[in-house]
1. Counting only residues that are modelled with pLDDT of 95 or more and crowded, with 17+ Cβ neighbours inside 10 Å, which one in region 73-85 is nearest to residue 9 (Cα to Cα)?
2. Would you check which residues across region 57-78 are touching a helix residue (DSSP H, G or I) at 6+ places or on another chain (Cβ under 8 Å), within 21 Å of residue 130 (Cβ to Cβ) and not in a helix (DSSP H, G or I) and list them?
3. Could you list, in sequence order, all residues of region 142-156 that are surrounded by 13 or more Cβ atoms within 10 Å (Cβ to Cβ) and farther than 17 Å from residue 80 by Cβ?
4. Can you name the residue in region 90-104 that is in contact with a helix residue (DSSP H, G or I) (Cβ under 6 Å, 6 or more places away or on another chain) and in a loop (DSSP other than H, G, I, E, B) and, of all such residues, is farthest from residue 62 (Cα to Cα)?
5. Look at region 43-64 and say how many of its residues are out of contact with any strand residue (DSSP E or B) (no Cβ under 6 Å at 6 or more places or on another chain), closer than 19 Å to residue 98 by Cα and exposed (fewer than 15 other Cβ atoms within 10 Å of the Cβ).
6. With the condition kept exactly as written, say whether any residue in region 119-134 is at pLDDT 95 or above and in contact with a helix residue (DSSP H, G or I) (Cβ under 7 Å, 6 or more places away or on another chain).
7. Can you pull out every residue in region 93-109 that is surrounded by fewer than 19 Cβ atoms within 10 Å (Cβ to Cβ) and within 11 Å of residue 131 (Cβ to Cβ)?
8. For region 105-137, give me the residue count where each residue is part of a loop (DSSP other than H, G, I, E, B) and under 12 Å from the mean Cα position of the chain (by Cα).
């Protein structure tokens, strides 16, 4: 059984036309999993509904606590992309579990989103990777501590430590 934890982030953003801004809405993850023909083999828990730029050390502590307390050895976490690498780094102290973080550059509710692909890719990664903490985004897997988000290119890349 794979434990899925949601924290919010762009993947769950909703555009509110009246005030011309995006806000975190209810998670679309159950719908995305169903669209991908993934109907069982997981337990879903919504931890929070936050943009990753708003995550605090206490929030990362809550994520760490949830990961530590679950009996599942495989955990998939949806997370905002801006601070995903920070949370992955914080989770590195968890031994014996495979933890994969993923998200989206465009909200899942938008027509041109990478959310569905990233969820499917992370679903496969969490089942195949050995114990450790990883980020799975846009067809690539990165180890925690050796990845950063390139804001200009809007993609994740390995840092010098990973070379």
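The values are calculated or read from the model by the stated rules, or taken from the named source; none is laboratory data. Being a predicted model, the structure only gives us computed values, none of them experimental. All Cβ positions, even for glycine, are placed from backbone atoms using ideal geometry, and neighbour counts span all protein chains on display.
1. This residue is 77.
2. 74, 75, 76, 77
3. Those that are surrounded by 13 or more Cβ atoms within 10 Å (Cβ to Cβ) and farther than 17 Å from residue 80 by Cβ: 143, 145, 146.
4. 104
5. 1
6. Among the residues of region 119-134, at least one is at pLDDT 95 or above and in contact with a helix residue (DSSP H, G or I) (Cβ under 7 Å, 6 or more places away or on another chain), which makes the answer yes.
7. Once the filter is applied, which keeps residues that are surrounded by fewer than 19 Cβ atoms within 10 Å (Cβ to Cβ) and within 11 Å of residue 131 (Cβ to Cβ), region 93-109 yields 94, 95, 96, 97.
8. Restricting attention to region 105-137, the residues satisfying the condition of being part of a loop (DSSP other than H, G, I, E, B) are 105-114, 129-131.
When the remaining residues are screened for being under 12 Å from the mean Cα position of the chain (by Cα), the result is 105.
Adding up the residues that qualify gives 1.
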